[in-house]
Amino acid sequence: MATEITTFQNYETLNNVDFGERVIFFKFGGEWCKPCNELEKNMEDIPGVILYNISVNNVEFEEFLETNNINSIPYTQVKYRKKQITFNGVKTVTELTEIINTIKA
């Protein structure tokens, strides 16, 4: 189950936390976005990850989205310790597992 991040400060704080062996997903999207919902459903099939949702409609993230050229959703940041990978669009459970294996290598 995903947790909603509603403030940029919370995002920055969580992005700087070392979650140990846990892989963290920050998914930028919207509740109305079918690909975003499909991606979230696929993430729920992977044990041991933490998912945070960030609404692209949240004005607190406007500058961040613009600065990082995030103009298509879902946009996802995957974090493991000090490593980070990003991707756009929907990924299958197999593709998500490959991303996790790559970032943990």
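Bear in mind these aren't lab numbers, they're just calculated from the coordinates by the rules spelled out. Source: prediction; values computed, not measured. Here the Cβ positions follow ideal geometry from the backbone for every residue, glycine too, while neighbour counts run over all protein chains shown.
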Positive end of the charge dipole of segment 3-104 (Lys, Arg +1 and Asp, Glu -1 on Cβ, about the Cα centre): tell me which of 68, 9, 92 has its Cα farthest that way.
92
Filter the GluC sites (Glu not before Pro) in the chain to those in DSSP coil with at most 16 other Cβ atoms within 10 Å of their Cβ, and list the result.
21, 31
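Of 94, 86, how do they rank once you tally other Cβ atoms within 10 Å and put the fewest first? Kindly include the intermediate steps, with their values, before the conclusion.
Details: 94 9, 86 14.
In order of increasing Cβ crowding within 10 Å: 94, 86.
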Go ahead and set up a Gaussian network model of the chain, Cα springs under 10 Å, then flag whichever of 82, 91, 41 fluctuates most.
82
Could you give the length gained on full extension between residue 45 and residue 8, defined as 0.36 nm per residue of separation minus the Cα-Cα distance, in nm?
10.6 nm
Calculate how many DSSP beta bridges within segment 3-104 are antiparallel, expressed in % of all such bridges and rounded to the nearest 5.
50 percent
GNM flexibility winner over the chain from 68, 53, 37 (Cα, springs under 10 Å):
68
Using R₀ = 41 Å, calculate the FRET efficiency as 1/(1 + (r/R₀)^6) where r is the Cβ-Cβ separation of residue 69 and residue 31; round to 0.05.
0.95
Give me the one-decimal nm value for the distance between modelled label points at residue 21 and residue 94, 7 Å along each residue's Cα-to-Cβ direction.
2.7 nm
